[in-house]
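The structure under discussion appears below in the form of structure tokens.
The values are calculated or read from the model by the stated rules, or taken from the named source; none is laboratory data. Everything numeric here is computed off the predicted structure, so don't read it as measured data. Methodologically, a virtual Cβ is constructed for each residue, glycine included, from the backbone with ideal geometry; neighbour enumeration extends over all protein chains shown. Note: accessible area is taken over every heavy atom of the protein model, side chains too, but ligands, DNA and RNA are not part of it. Shrake-Rupley method; radii C 1.70, N 1.55, O 1.52, S 1.80 Å.
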Amino acid sequence: KEMVKLDHETAIIITKEGKVFSVVGEEGSVYFRNVGNDALNGATVTHNHPAKLTRYSFSKFDLGELMDLRLKRIRGIDNKFIYEIVTDENTKFVDYQVIVHEYENSGRMKLLEKRFKGEATVDDDEEFHEINKILAGIYNYRYRRMPRE
């Protein structure tokens, strides 16, 4: 509840060993790699997207960190939604640059196809959400977005 009110990003990290870290970021990003790649492998990361910058789901950079660090779970929160990706043994992990490229190219192209067929909204606030749903099917991870209470 407190994170969503901030005008900058912040992250709470829980490692698979149960250690907890809090990292304060900047207006549009939070860098948490200084926790260490070994500690982040299999970790859960929860971070906020400030109201004036959110696109109501994960960005290509969020997915890049998820994949590159092999996170178990990434959660995002903004003024409207809580969204989450959970990975497992079936997830197809790829390098940071690969998923960023896929987000920009395959994800956006498939979204345009869905919009053309009337299967997806043309609302820009839904763009990131739709791309994340598409990529979840390709890379075999669970993605969901829920309204905040």
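Side notes on the structure shown:
- The range 1-136, accessible area per residue, ligands and nucleic acids excluded (1.4 Å, Å²): 53
- Shape category assigned to the range 67-149 from the gyration tensor of Cα positions, a/c cut at 1.5: oblate
- Separation of alpha-carbon centers, the range 130-148 and the range 78-128, rounded to whole Å: 7
- For residue 23, the solvent-accessible surface with a 1.4 Å probe is about 20 Å², rounded to the nearest 10.
- Label corresponding to semi-axes √(5λ) of the Cα gyration tensor in Å when calculated from the structure given, among (1) 29, 23, 16; (2) 24, 19, 12; (3) 39, 19, 15: (2)
- Taking θ as phi - 60° and the Karplus parameters 6.51, -1.76 and 1.60, the scalar couplings of the range 24-39 work out to 8, x, 10, 4, x, 6, 9, 9, 10, 5, 5, 5, x, 4, 5, 5 Hz in sequence order, x denoting glycine and proline.
- Sorting 61, 81 on solvent-accessible area from highest to lowest, probe radius 1.4 Å, gives 61, 81.
- Highest mean packing comes first when the peptides 92-101, 127-136 are listed by Cβ atoms within 10 Å, giving 127-136, 92-101.
- Rg/Rh for the range 101-149, where both radii come from Cα atoms and Rh is the Kirkwood radius: 0.98
- Residues whose placed amide H lies under 5 Å from that of residue 81, excluding near-sequence neighbours: 148
- The chain: relative contact order in percent, alpha carbon pairs under 8 Å with at least 6 residues between: 22
- Farthest toward the positive end of the dipole of the chain, out of 36, 53, 25, is the Cα of 36, where the dipole comes from beta carbon charges about the Cα centre.
- Carbon/sulfur fraction of accessible area - the chain, other protein chains in place, 1.4 Å, %: 49
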